Structures are given as C-alpha cells and as structure tokens.
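Structure record follows, encoded as structure tokens.
The values are calculated or read from the model by the stated rules, or taken from the named source; none is laboratory data. All of these numbers come straight from a predicted model, not from anything done at the bench. Positions of Cβ are backbone-derived with ideal geometry, glycine not excepted, and every protein chain shown enters the neighbour counts. The area values use the complete protein model at the heavy-atom level, side chains included, leaving out ligands, DNA and RNA. Shrake-Rupley method; radii C 1.70, N 1.55, O 1.52, S 1.80 Å.
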Amino acid sequence: MKIVTCIAPVNIAVMKYWGKRDEDLILPINDSLSATLNTNFMCAKTTILASPDLKENKFWLNGKEESFEGKRLQNCLREVQRRAKDMNPDVLGWKIAICSENNFPTAAGLASSAAGYACLVSALAKLYNIEGEISDIARLGSGSACRSIYGGWVRWHKGELSCGEDSVARQVVPSSHWPEMRVLILVVNDKKKKDSSTSGMQRSVDTSDLLLYRSDKIVPKRMEEMITSIKNKDFHNFAKLTMQDSNQFHATCLDTYPPCVYMNDVSHSISGLVHKYNELFDENRVAYTFDAGPNACLYILEKDVEEFLSVVNYVFPPPEVDQVEYLTGMPLENRKIKNDLINSLNLTRNEPGLLKYIIHTNVGEGPTSTDDHLLSLNGIPLK
Ligand SMILES: Nc1ncnc2c1ncn2[C@@H]1O[C@H](COP(=O)(O)OP(=O)(O)OP(=O)(O)O)[C@@H](O)[C@H]1O
Ligand SMILES: C[C@@](O)(CCOP(=O)(O)OP(=O)(O)O)CC(=O)O
C-alpha cells in the first residue's frame, strides 16, 4: 500500500492563454504568463492511495464521487504511468483511490482546474516516483494547470512540436523577486459559470479573427515587455500590460460568435474604479485582470492595499450578513473608510453585497506534499 498527498496553488494569468491548436494534447496558440498564488487561502489538496486490496479505481472531488473515466484524468494518469513503467512495477499494477478538494469555489472562473490538475499530477508523480518535467503532464489535465507546477512568475511556452513535448511551463522569476506584490480577489459571483473556458476558447478559435491577430501580432511583443517590467519591478508598466491583456482577451470573447460574455456590470464597475484610482495618482497603483468569469483579480503593491481596500469597501459595501468571513487574509482594521480619498475620487456607493467576499493573498510557491491525508488506508474519504 502507498499513500501520498499534495497541495497545489492556483495561478492567475497576466498574459492570457485562450485558444488551442490541438484539443487533445492541449497545445495553446500563444504563450501565457501568470503568478502562482500562495496556497494559504486558495489551493487544491489531493490524496492518492494505491493498494493491492482496492477492487476498483475511485475518484472523489469536493466530497462527491465522480467518474474515474474522465478523458483528462485518464490522459494524465496514462502519461505518468508510461513514464514510471520501469519503476516500482508492484505499485503500477494496483488500483488507486483519488480524493481531492478545493478550499475555494470550483468551476467559477477562479482557476480550480489549474490547481486541481497540478495537484493531481504532482501527487501521481510522487506516487509513482517519477522525476523531472511534469508541467507537460499537468497541461494534459487543463492548459493553465502547467503553470501551477512552479512558484513565482511562470511562463507557459506554447512550443512548436506537434507532440507537445516543448509546450511546458518555466519559472521566470521566483516569488522572492517581487515580495511586495499582493493579490486581491474580488469575488463577484461564486456560482458555476455557464460557458467553460474549454468550450469558450474552442468557439473563439473557430469564429474570432481577432484571436489570431492577438496571438500573431500582439502576444509575442507584449510578452517580452511584460517580462522586462516584472524583472525591473516596474509596477506602472506591469499594470498597464496586465489590464490591456485582460481587456483584449475579453474583446476576443466578445468577437466570438455567439459571444462568450464573462464580465458583468459589477466587473466593469471594478475596472472603472481601478482606472479612476490610478488617474488620481497619475500612475498605475492597481491592475485588474478577469478570467472566464466576473470575478476581479487585482495586482497591487503592499503599500497601497489598505488605502485601495478602503475605496473598494466604500463603493461596494460588504453584505449585511456574514461580515466576519467577508475579508479573508487580512485584519479587519484595514476595512476603515478613508474620507479624504473618497471625496477626491467623487465616488458613488452601491447597495451592499455586490461583492460576496474578498481574498487577500500574495505570490507563492509551487506544489508541496503533506502527511495530512484525505483518505483512510482503506481508501475511504475521511470526511
Ligand atoms: N481538485 C481538483 N481535482 C481534479 N479536478 C479538478 C479539481 N478542481 C477542479 N477540477 C476539474 O476542473 C473543472 C473546472 O474547470 P473550469 O475550467 O470549468 O473552471 P475553473 O478552473 O474554476 O475556471 P477557469 O479555468 O476558467 O479559471 C471541474 O469540473 C473538474 O473537472
Ligand atoms: C481565462 C484563462 O483562465 C483560461 C484558462 O483555461 P483552462 O486552462 O481552464 O482551459 P483548458 O485548457 O481547456 O482546461 C486564462 C489563463 O489562465 O491563461
């Protein structure tokens, strides 16, 4: 019997992946770049037990039994087992039980698939003792998952080969390079979204001319500028490029036919607020980026968090119930409202509760392992 458990992070792209050139191997049409987030507040946790006593393979996700036959799970499992074939032949012959949970909403545009598959593949690699590159295996689960295999700032190189061997993630700089960077996630809606990233991007590839223009003409140059701004810790330019890239990604979503509409009125009002705030200081102090959902992910330096949060709390008063849980990862004192700033920004207050909650986190490390398992040694979920 062998049991392993891993924890893996979410990542939020500042240069978006959108569109595949190969659906099965999950090969993208452009490079992308993200920051890996600290696992303190958002992570996937996966336990895998392999045992000669198990009668069948099993998979539980967030407390519910799911099919073990899903194509993406099978592709990841097959590839890890293929690379492990000369090692521990006993373990390879045993059935496995997989139990995974996310400590944040699944399939709500908060990159659950990225953390989930990075975690699955890290745990499988540990179970079967495979060493070396695994970001290309995580990619088979979900494209963005390959970036969660590394900590810090990570680039997914699209690669040129049709076999996908060179479509891998690489760390650009570690998290320690820019320790002042913070991330605020403004959760607008944590319900399951209707157009998955997978189907949305496929429709964009089929119908959007803007998508091709973006991948050919925009991304290569913008990627170099983005990396330079991160290496130089040039927040103003970093923020500009991040916001431009998010806007262009959503423009390609709207250029898709029928369109993929991910941002809603609250999302647009957050982006408007960020621009107003940045204009007041005549420099970018906050950057927004939106994935395939309405939630805003804001990059901001530590020195500006308290002040900007006071503005957010004024414009979007917290829900009247559940106050204690509203702000995760930051002391409550920081929710004070700063009147001078509010007056200079000439802001309008919304009704309470448009934001469900806010997560405050930073850039963190890649997957880790732990002995705190989710399965009993008989292969039954512990809760
Ligand atoms: N911990 C996990 N282990 C294995 N698979 C997972 C895990 N978490 C999520 N998934 C898979 O990912 C799917 C959700 O992916 P989807 O891309 O729709 O949403 P998302 O990742 O939350 O959003 P986005 O990628 O657009 O930010 C789930 O239905 C499940 O199949
Ligand atoms: C908008 C994005 O978050 C899209 C993520 O798409 P997925 O990685 O979830 O898609 P699949 O490869 O089909 O699983 C942008 C990004 O993370 O780069």
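Subtracting the Cα-Cα distance from 0.36 nm times the residue separation, let me have the gained length for Ser376 to Glu225 in nm, one decimal.
49.4 nm
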task = Using packing as a proxy for protection, rank 112-125, 28-41, 225-238 so that the peptide with the highest average count of other Cβ atoms within 10 Å comes first.
result = 112-125, 28-41, 225-238
remark   = Farthest towards the positive end of the dipole of the chain, among Ile3, Pro259, Leu355 and with Cβ unit charges of +1 on Lys and Arg and -1 on Asp and Glu, lies the Cα of Ile3
ask   = Around Phe104, which amide H atoms from residues at least 5 apart in sequence, or from another chain, sit under 5 Å from its own amide H, with H modelled in the peptide plane?
value = Cys43
key: 1.4 Å probe accessible area per residue over region 181-362, in Å²   = 47 Å²
ask   = Taking only protein heavy atoms and a 1.4 Å probe, what accessible area per residue, in Å², does region 2-174 have with all protein chains in place?
value = 36 Å²
Size descriptor, Kirkwood hydrodynamic radius, that averages inverse alpha-carbon separations across the chain, Å = 21.5 Å
key: Euclidean distance of C-alpha centroids, region 118-155 and region 1-40, integer Å   = 8 Å
inquiry  = Looking at the calculated P(r) for region 1-116, what percent of the C-alpha pair distances fall above 26 Å?
reply    = 29 percent
task = Collect residues whose amide H, placed 1.01 Å from N in the peptide plane, falls under 5 Å from the amide H of Asn295; neighbours closer than 5 in sequence don't count.
result = Val188, Asn189
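Helix-derived [θ] at 222 nm for the chain: sum -39500 (n - 2.57) over DSSP H runs of at least 4, divide by residue count, nearest 500? If you can, show how the numbers build up before the last one.
Numbers: 12 runs with 133 residues, N = 383.
Helix contribution divided over all residues of the chain: -10500 deg cm²/dmol.
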query = Whose amide H sits under 5 Å from the amide H of Leu27, counting only residues 5 or more places off or on another chain, with H placed in the peptide plane?
reply = Arg21, Asp22
Size of electric dipole in the chain: Cβ of Lys, Arg +1 and of Asp, Glu -1, about Cα centre, debye, nearest 20 = 400 debye
task = Using 0.36 nm per residue of separation minus the Cα-Cα distance, give me the extension gain between Asn264 and Glu351 in nm, one decimal.
result = 29.7 nm
message = Leaving ligands and nucleic acids out of the surface, order Ser197, Ser369 by accessible area at 1.4 Å, largest first.
response = Ser369, Ser197
ask   = Dipole magnitude of region 1-152 about its Cα centre, charges +1 at Lys/Arg Cβ and -1 at Asp/Glu Cβ only, in debye to the nearest 20?
value = 100 debye
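Show me 67-73, 308-314, 209-215, 142-148 ranked by packing, highest mean number of other Cβ atoms within 10 Å first. Mind dumping the intermediate values first?
Details: 67-73: 13.9, 308-314: 20.6, 209-215: 17.6, 142-148: 29.9.
Ranking the peptides 67-73, 308-314, 209-215, 142-148 by packing returns 142-148, 308-314, 209-215, 67-73.
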ask   = Modelled label-to-label distance, Asp234 and Asp282, 7 Å Cα→beta-carbon offset: nm?
value = 2.0 nm
query = What is the gain in length, in nm to one decimal, between Lys95 and Leu341 on full extension, counting 0.36 nm per residue of separation less the C-alpha to C-alpha distance?
reply = 82.5 nm
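With the full set of protein chains in place, find how many percent of the accessible area of the chain is carbon and sulfur; take the probe as 1.4 Å.
After summing per-atom areas, the C and S share lands at 49 percent.
Looking at region 181-362, send over the antiparallel percent of its DSSP beta bridges, to the nearest 5.
Antiparallel: roughly 90 percent of the beta bridges in region 181-362.
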task = Lys and Arg at +1, Asp and Glu at -1: add these up for the other residues within a Cβ distance under 11 Å of Ala114 and post the number.
result = +1
